[in-house]
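Data block below; observations after.
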Ligand SMILES: NC(=O)c1ccc[n+]([C@@H]2O[C@H](COP(=O)([O-])OP(=O)(O)OC[C@H]3O[C@@H](n4cnc5c(N)ncnc54)[C@H](O)[C@@H]3O)[C@@H](O)[C@H]2O)c1
């Protein structure tokens with residue numbers, strides 16, 4: 001594929017931002033989607049000022065009709081979508097008895113249904129092109145479990161299952177679907193959890209990682225970029241651990 005259009009959700013911060021930068025630097029036109037309009041526009045401007053193709057689209061991935069409008073706008077502005085990376089996500093820490101129905105529904109709506117919606121809207125272009133790359137960002141907590149995170153872990157487990165189902169269903173169209181389940185990555189999300197005391201310090205956890213440090217967003221972006229390349233055409237339905245050896 002010479003002309004590739006990538007949609008990256010959660011692109012205003014952390015891993016999504018690093019992935020958007022990596023894909024744009026590699027020559028893709030990148031649609032950056034995020035709820036945080038100010039940081040999103042800043043991120044897109046930074047890319048366009050460097051001569052790269054990028055455009056910001058402010059949206060809540062949990063709002064189906066708004067996401068539909070955004071995908072239509074992406075097609076108009078940049079062209080048919082052949083790469084989708086879903087990094088938009090929220091985390092929460094609550095003992096199971098304190099999880100309200102509203103909180104449960106919001107976590108599932110953003111992390112799982114938001115991922116499904118974006119996939120469903122991107123896949124028709126990929127089928128038409130006979131080529132596509134989908135990378136979901138799940139979580140190693142879906143492999144290991146995590147206390148006080150039943151809602152989050154369930155949503156990410158759903159993302160893993162969605163990824164595997166789609167890999168089988170879409171393989172015949174030249175579309176690969178993989179998930180990266182990060183462990184600890186030093187992003188604003190992790191620093192916020194550290195600050196409010198939901199996790200030990202990022203540096204402390206980093207020392208427990210076999211390679212001796214927490215991940216950085218660029219570690220995830222490098223793997224993602226490879227999964228989006230032609231060279232990864234035989235990799236589909238996989239959990240690609242990028243975790244410094246934490247889970248093997
Ligand atoms: N940081 C970690 O250690 C870690 C570990 C495992 C999994 N993850 C997952 O990786 C992904 C990226 O996390 P990060 O650490 O880069 O976090 P981050 O908070 O730095 O970035 C997430 C981005 O998603 C956006 N977002 C949140 N809800 C949204 C919505 N409804 N619609 C659109 N955008 C929305 C936020 O505005 C933010 O810009 C998330 O799905 C997260 O659950 C993170």
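The values are calculated or read from the model by the stated rules, or taken from the named source; none is laboratory data. These numbers come from a predicted model, not from an experiment. All Cβ positions, even for glycine, are placed from backbone atoms using ideal geometry, and neighbour counts span all protein chains on display.
The residue of the stretch 21-46 that is farthest from the ligand (Cβ to nearest atom), among those that are assigned to a helix (DSSP H, G or I), without any contact (Cβ under 8 Å) to a residue 40 or more places away in the chain and in contact with a strand residue (DSSP E or B) (Cβ under 7 Å, 6 or more places away or on another chain), is 24.
Residues of the stretch 1-20 that are within 16 Å of residue 134 (Cβ to Cβ) and part of a loop (DSSP other than H, G, I, E, B): 1, 4, 10, 11.
All told, residue 42 meets the bar of being out of contact with any helix residue (DSSP H, G or I) (no Cβ under 7 Å at 6 or more places or on another chain) and farther than 24 Å from residue 120 by Cβ. In the condition set (1) over 16 Å from the mean Cα position of the chain (by Cα); (2) modelled with pLDDT of 95 or more, residue 67 is compliant with all but (1). For the stretch 167-189, taking the residues that are in a helix (DSSP H, G or I), farther than 22 Å from residue 90 by Cβ and touching a helix residue (DSSP H, G or I) at 6+ places or on another chain (Cβ under 9 Å), the one that is farthest from the ligand (Cβ to nearest atom) is identified as 173. Screening the stretch 154-166 for residues that are over 18 Å from residue 122 (Cβ atoms) and buried (at least 24 other Cβ atoms within 10 Å of the Cβ) and picking the one that is farthest from the ligand (Cβ to nearest atom) gives 155. Screening the candidates 192, 151 for the property of being part of a helix (DSSP H, G or I), within 13 Å of the ligand (Cβ to nearest atom) and free of Cβ contacts under 8 Å to residues at least 12 places away in the same chain yields one hit, 192. Here residue 57 clears all of (1) without any contact (Cβ under 8 Å) to a residue 60 or more places away in the chain; (2) part of a helix (DSSP H, G or I); (3) within 14 Å of the ligand (Cβ to nearest atom); (4) buried (at least 21 other Cβ atoms within 10 Å of the Cβ) except the condition numbered (2).
For every residue, the table says whether it meets (1) assigned to a helix (DSSP H, G or I); (2) within 12 Å of the ligand (Cβ to nearest atom); (3) in contact (Cβ under 8 Å) with a residue 60 or more places away in the chain.
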site: 207; (1), (2), (3): yes, no, no
site: 210; (1), (2), (3): no, no, no
site: 213; (1), (2), (3): no, no, no
site: 225; (1), (2), (3): yes, no, yes
site: 231; (1), (2), (3): yes, no, no
site: 237; (1), (2), (3): no, no, yes
site: 245; (1), (2), (3): no, no, no
site: 248; (1), (2), (3): no, no, no
